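What follows is a set of notes on a single structure, which appears directly below.
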Amino acid sequence: MSRKKIAIDPGHGGEDRANRGPTGYVEADGVLDIALRLKPLLLDAFDVYLTRESDVTVALNDRPAKANNWGADLLVSIHTNAASPEAQGVEIWHSKNGEWGTVFQAEAKRVALIVQEELVRATGLKDRGVKTRLVDRRDSPIYGLDYYAVIRRAKCPALIIEAGFHTNPVEEAKLKTADFRQKVAEAIAAGLKKAYQVKGDDESNLTPIKGEAQATREQARAWLQQKAPDWVFLVDLYWDIAPAYGLRPEVALCQACKETGLFRFGGLVQPWQNNFCGLAATGQASDGNTPLYGADPNRVRFEKNVHGAIFIDRPTGVEAHLQHLFAYATDEPLPAGKVLLSPRFKLVKRGSAPFVEYLGAAENPAGVGWAYPGVDYGQSIVRDYLTLLLRTSPPLSPPVAPPPDPSRGETIRELESRVSLLQQELTQVKDELAKYRQAVGAIQEIVKEF
Ligand SMILES: [Zn+2]
């Protein structure tokens, strides 16, 4: 199946910067930012084109024309809404009767409904529904056609997404945060992927987290020895504990390498915490009251002014890491008899990342993941660590003497005697050669005298 071509149109921009909120939000800038965040989220699944990538003027009719020239399968124009300060919520306008007739109506509505559902869920804003608007002036040459030019002139299903009201002070405050704009972008991406039932990359190229070890302990030790020799002991912990969770130990070890910078701990979490995967390290130090969400308080704790969780010993830290990875890899309950050690297990969208590549939200078809936004997070674990570990040869075992072969003794003695004969012959040849050289030397002397 060929990839769908999605054109994204960030509304306004350039000379058209008048739409703004009461405290300075500019629609042209806000929607451009959302579009620029959206693009990389779509690239694994779609071909993507933006009608503008900076603050430049694009004429209204040029927007659908650009999408048409590019051959878009869907045009998504991104806006924020304006009305009275009380008006609130998200809505999507979609094709009904464009210049090419009603052919795009059903598809546009189908996609709009799916994207709207994701948007409402992600933003928590009021659901104003999906809508159409037609020109109702009978004296207009375009009477009865889609009111919005971007939709009317598109040669494909088209949507105008209104991601909240910048004229509403509460929604303007949200629109001014990068966090919210990221949420909007992720929701649109998740909706579009759901609508076209694309999983992003072909799953056969992805790296499963569950499964048996594909690297031996010897291999892992040999690799880690080159990278972080003080931490080679972790290999046995990961290889001992992972099988009970059905996880690949090398995947978890490589994630720990990524999270700790090969155990140099350049970030906020420190080695004494036994927190090898940065669990609950949010960038804000704990106030000492960070909730454990059911994790065993005898083995896990938070301390005031310390970033991330603290585990009582190394095996506990490794097991908590594996549990957290388990939460992403599967929606199964913890294996029987296991005590909860990850203080963030219950916050995970269970089973949302069965593949390493999906651990970064940016590459996860559901837009969630271990790392936010996590661009290249999972790919980096595979490319920069796992591939290299799997390519490492274990150290060679000491050479083993071959068993004695009785029939070979005779052969060796024969060969030895032949070699000694040849050596004798060689000595004779050398002697003769020396004599000839002497003779030649004498002749040359005589020739010189003449
Ligand atoms: Zn607008």
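The values are calculated or read from the model by the stated rules, or taken from the named source; none is laboratory data. Everything numeric here is computed off the predicted structure, so don't read it as measured data. Here the Cβ positions follow ideal geometry from the backbone for every residue, glycine too, while neighbour counts run over all protein chains shown.
The residues on offer are Asp62, Asp33, and the sole one that is within 16 Å of the ligand (Cβ to nearest atom), within 16 Å of Ala7 (Cβ to Cβ) and either modelled with pLDDT of 95 or more or not assigned by TED's automatic domain parsing to the domain that holds Arg121 (or both) is Asp62. Counting only helices (runs of 4 or more DSSP H) wholly contained in the stretch 211-308, no element carries 3 or more residues that are of a type in the set (Val, Ile, Thr).
So which of Gly246, Gly211, Gly267 is touching a residue at least 60 places away in the same chain (Cβ under 8 Å) and in contact with a Gly (Cβ under 9 Å, 6 or more places away or on another chain)?
Values: Gly211 fails: touching a residue at least 60 places away in the same chain (Cβ under 8 Å); Gly267 fails: touching a residue at least 60 places away in the same chain (Cβ under 8 Å).
Going through Gly246, Gly211, Gly267 in turn, the sole match is Gly246.
Go through the stretch 28-87 and give me each residue that's among the hydrophobic types (A, V, I, L, M, F, W, C), over 17 Å from Ala195 (Cα atoms) and within 26 Å of the chain's Cα centre (by Cα). Within the stretch 28-87, Val31, Leu32, Ile34, Ala35, Leu36, Leu50, Ile78 meet the criteria. Taken together, Asp9, Asp44, Asp16 contain a single residue that is away from the ligand (no atom under 16 Å from the Cβ) and not aliphatic (A, V, I, L, M), which is Asp44. With respect to (1) surrounded by fewer than 21 Cβ atoms within 10 Å (Cβ to Cβ); (2) more than 16 Å from the ligand (Cβ to nearest atom), the lone exception for Val115 is condition (1). Looking at the stretch 78-98, which of the residues that are of a type in the set (Ser, Thr, Tyr) and either within 17 Å of Val170 (Cα to Cα) or not assigned by TED's automatic domain parsing to the domain that holds Thr167 (or both) is farthest from the ligand (Cβ to nearest atom)? Among those residues, the one meeting the criterion is Ser84.
Taking Leu125, is it modelled with pLDDT of 95 or more, over 30 Å from Asp240 (Cα atoms), in a loop (DSSP other than H, G, I, E, B) and of a type outside the set (Val, Ile, Thr)? It would help to see each step written out before you state the result.
Details: modelled with pLDDT of 95 or more: yes; over 30 Å from Asp240 (Cα atoms): yes; in a loop (DSSP other than H, G, I, E, B): yes; of a type outside the set (Val, Ile, Thr): yes.
So Leu125 passes the test.
Somewhere in the stretch 190-208, is a residue hydroxyl-bearing (Ser, Thr, Tyr), surrounded by fewer than 17 Cβ atoms within 10 Å (Cβ to Cβ) and in a loop (DSSP other than H, G, I, E, B)?
Narrowing the stretch 190-208 to residues hydroxyl-bearing (Ser, Thr, Tyr): 196, 204, 207.
Within this subset, residues satisfying the condition of being surrounded by fewer than 17 Cβ atoms within 10 Å (Cβ to Cβ) are 204.
Pick out the ones that are also in a loop (DSSP other than H, G, I, E, B) and you get none.
No, there is no match, as no residue in the stretch 190-208 is hydroxyl-bearing (Ser, Thr, Tyr), surrounded by fewer than 17 Cβ atoms within 10 Å (Cβ to Cβ) and in a loop (DSSP other than H, G, I, E, B).
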